[in-house]
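Let me begin by presenting the structure, written as structure tokens, before commenting on it.
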Amino acid sequence: GAVVSQHPSWVICKSGTSVKIECRSLDFQATTMFWYRQFPKQSLMLMATSNEGSKATYEQGVEKDKFLINHASLTLSTLTVTSAHPEDSSFYICSARDGRGWGTEAFFGQGTRLTVV
Amino acid sequence: KNEVEQSPQNLTAQEGEFITINCSYSVGISALHWLQQHPGGGIVSLFMLSSGKKKHGRLIATINIQEKHSSLHITASHPRDSAVYICAANPLIQGAQKLVFGQGTRLTINP
């Protein structure tokens, strides 16, 4: 089946630095990818929808200047957490659909556990 | 009230037991997904349903569109089935690819 690869799987960074997380669709083209954040023992919270070749669509309450999303190709989307602070520590996971519309499975990356110290 | 509700939130069972996890939704949907999240965080797509029933190995998923209800069953459960199971709906009224997630069911299978 389709595979979505997310890198890194974990990262520890100092407060004030920026961290880039990559999400790749390995064997299909993903015109749309989704970025989620998950707090411990809670469900996935959609942060933004990443569209290839255009600006990302952010959910209400998500700071677009803090969470920069770039979807430069049909197989790669990146999420950059800028000027990270301890409250940004969380589990981030990306997802892509294999094809357009609703009738396609959702595939998820392995997730990235970010710890800001 | 969430658009997608799961029950139970936590479930502990003995190895070999038949497991049922329920998912109810309050909006019209085009498809419903069952996902499995392992302790490490990775998420695997188990099923995508728009009607009827699907089976894969020991896993069975059913959906009743009229009743807005879906169930995930695990037969002959095993400790390796321990994970969080999440149902997610594709609402008809939102963007075609967006998913709305249930809270998840944390399943623990004891040997």
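So how many Lys-Lys pairs in the stretch A:1-112 land under 21 Å Cα to Cα, not counting same-chain pairs under 8 apart? Let's see the in-between values first.
Details: A:LYS14/A:LYS64; A:LYS14/A:LYS66; A:LYS20/A:LYS55; A:LYS20/A:LYS64; A:LYS20/A:LYS66; A:LYS55/A:LYS64; A:LYS55/A:LYS66.
Number of lysine pairs found: 7.
Which of B:SER50, B:ALA13, B:VAL84 sits farthest toward the positive end of the charge dipole of the stretch B:2-111, with +1 on the Cβ of Lys and Arg and -1 on the Cβ of Asp and Glu?
Result: B:SER50.
May I ask for the equivalent-ellipsoid semi-axes of the stretch A:44-117, computed as the square root of five times each C-alpha gyration tensor eigenvalue and listed largest first in whole Å? Show your work: numbers first, answer last.
On the way: eigenvalues 102, 41, 26 Å².
The answer is 23, 14, 11 Å, longest axis first.
If a/c stays under 1.5 just call it rounded; otherwise compare a/b with b/c (prolate if a/b is bigger, oblate if not). Do that for the stretch B:26-65, with a ≥ b ≥ c from the square roots of the Cα gyration tensor eigenvalues.
On the way: a/c = 3.19, a/b = 1.48, b/c = 2.16.
Here the stretch B:26-65 falls in the oblate category.
Each residue of the stretch B:32-43 in turn: what ³J(HN,Hα) in whole Hz from Karplus with 6.51, -1.76, 1.60 and θ = phi - 60°, glycine and Pro shown as x?
10, 10, 10, 10, 10, 10, 7, x, x, x, x, 10
How big is the C-alpha Rg of the stretch B:1-41 next to the rule-of-thumb value 2.2 N^0.38 Å, as a ratio? It would help to have the intermediate numbers written out before the result.
Values: Rg = 12.9 Å, N = 41, 2.2 N^0.38 = 9.0 Å.
That works out to 1.43 for the stretch B:1-41.
On the principal axes of its Cα set, how long, how wide and how thick is chain B? Give whole Å, largest value first.
44, 27, 23
Spit out the partnerless Cys residues in chain A, using Cβ distances under 4.7 Å as the pairing rule.
Cysteines lacking a close Cβ partner in chain A: A:CYS13.
If the viscosity is 0.890 mPa s and the temperature 25 °C, what translational diffusion coefficient in µm²/s does Stokes-Einstein give for the protein assembly as shown when Rh comes from Kirkwood over Cα pairs?
Values: Rh = 18.1 Å.
Result for D is 136 µm²/s.
Using the C-alpha gyration tensor of the stretch A:1-85, what are the square roots of 5 times its eigenvalues, in whole angstrom, with the largest one first?
Numbers: eigenvalues 85, 45, 38 Å².
Taking √(5λ) for each Cα gyration eigenvalue gives 21, 15, 14 Å.
Any read-out appearing in this document is the output of simple, stated calculations on the displayed coordinates, not a laboratory observation. Keep in mind it's a predicted model, so treat the numbers as computed, not measured. Counting neighbours? That spans all protein chains shown, and the Cβs are built from the backbone with ideal geometry, glycine included.
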